[in-house]
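Novice: The structure is given below, and queries will be raised subsequently.
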Amino acid sequence: MARTEETNMDLKGQIDREKLPRHIAMIMDGNGRWAKQHNKPRVFGHRNGVKAVREVTEAAAEIGIDYLTLYAFSTENWSRPKLEVDALMRLLVETLNKEVATLNKNKIRLDAIGNLDLLPPSTHKALLQGMESTRENDRMTLILALNYSGKWDLVQAARQLAKKAVEGTLDPDSISEDDLARTLSTTNIPDPELLIRTSGERRLSNYLLWQLAYAELYFTPVFWPDYRKNHLYEAIIDFQRRERRFGRISEQLA
Ligand code: FPP
């Protein structure tokens, strides 16, 4: 057996299947720096990041994770050089078209959150086709955060609630946390219990701001294109060693 395969099996075996996070959110960071290390253009890093996407998706589904959300493009990413933005959008189309069959084979449903209407038409179309073609799958949901930001999500929810209040169908004083949560783009998706960010950065970068309120945060120095199954296993094992108190004290948890 190859060395990595052996390590993978060891780590995988240490995971307690009864204490899995239902939802893992990931910030895939470090593609640009990885490319620089290899003396290649940034786009080379993104291209190699697709392999990591495949690995974590497969690993998460195999272990039994219900939801995996990947930060693929933030609302702030539009300010990157046009060449890079265009290449990322093309890569998304290419990857979606290529991987839908694998998603179906593995019974994985594709979903997306973000201001999708503002994506380039070809990316939007590939995304909707991917979602449509995988919608009956029930093993795991892979959610791509595209043209997404946590602040955008809160603003679009505020607008929806305000409209209802103006129409007279919602009493502003009755608005609850549940009402707001249901109006976010993640409606019906449980909050992530674990957030993983690669590349050594320790920030939320306007990701799922409301939804990550109680998430465990896990940071790894590994650049995204180098991220493999064993890195995900390590993060889950670390998560399972932590005590999640939700504002209570240890003795109340027993
Ligand atoms: C962050 O690295 C990465 C991104 C903004 C894009 C992630 C996209 C992919 C991995 C490609 C395809 C994805 C899917 C879901 C098919 P960075 O460019 O910020 O790296 P740096 O911080 O080192 O510059």
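The values are calculated or read from the model by the stated rules, or taken from the named source; none is laboratory data. Computed from a predicted structure; not experimentally measured. Because the Cβ atoms are built from the backbone with ideal geometry, glycine has one as well, and the counts that use them run over all protein chains shown. Note: accessible area is taken over every heavy atom of the protein model, side chains too, but ligands, DNA and RNA are not part of it. Shrake-Rupley method; radii C 1.70, N 1.55, O 1.52, S 1.80 Å.
Novice: Quick check: the distance between the Cα centres of segment 171-199 and segment 234-254, to the nearest angstrom?
Specialist: Between the Cα centres of segment 171-199 and segment 234-254 lies a distance of 21 Å.
Novice: Ok, one more. Given H placed on each backbone N at 1.01 Å, which residues far from Ile143 in sequence or on other chains put an amide H within less than 5 Å of it?
Specialist: It is Leu68, Thr69, Leu70, Asp111, by chain and number.
Novice: In segment 105-254, how many lysine pairs have Cα atoms under 23 Å apart, counting only pairs 8 or more places apart or on different chains?
Specialist: Taking segment 105-254 as the scope, the lysine pair count is 6.
Novice: Additional query: Would you mind working out the magnitude of the charge dipole of the chain relative to its Cα centre, with +1 at each Lys and Arg C-beta and -1 at each Asp and Glu C-beta, to the nearest 20 Debye?
Specialist: Roughly 900 debye for the chain.
Novice: Shifting gears a bit: What distance in nm separates the two pseudo spin-label positions at Asp173 and Gln129, each 7 Å out from Cα along the beta-carbon direction?
Specialist: 5.3
Novice: Let me ask you something else. Using +1 at the C-beta of Lys and Arg and -1 at the C-beta of Asp and Glu, which of Phe73, Leu92, Asn39 has the Cα lying farthest in the positive direction of the dipole of the chain?
Specialist: The listed residue farthest towards the positive side: Asn39.
Novice: Give the Cα extents of the chain along the principal axes, in whole Å, largest first.
Specialist: Cα spread of the chain along its principal axes, largest to smallest: 64, 54, 35 Å.
Novice: Now for a different question. To the nearest 20 Debye, how big is the dipole of segment 50-178 about its Cα centre, given +1 on the beta carbon of each Lys and Arg and -1 on that of each Asp and Glu? Intermediate values should be presented prior to the final figure.
Specialist: Values: 16 positive and 20 negative charges, 112 e Å.
It comes to approximately 540 debye.
Novice: May I ask for the net charge around Leu212, where only other residues with Cβ less than 10 Å from the Cβ of Leu212 are counted and Lys, Arg are +1 while Asp, Glu are -1?
Specialist: -3
Novice: Please list 3J(HN,Hα) in residue order for segment 25-39, calculated via the Karplus relation 6.51 cos²θ - 1.76 cosθ + 1.60 where θ = phi - 60°; whole Hz, with x for glycine and proline.
Specialist: With coefficients 6.51, -1.76 and 1.60, one gets 10, 10, 10, 7, 10, x, 4, x, 5, 4, 5, 4, 4, 9, 6 Hz.
Novice: Rolling a 1.4 angstrom probe over the protein chains, ignoring ligands and nucleic acids, what is the accessible area of Asp173 in square angstrom, nearest 10?
Specialist: The accessible area comes out at roughly 140 Å².
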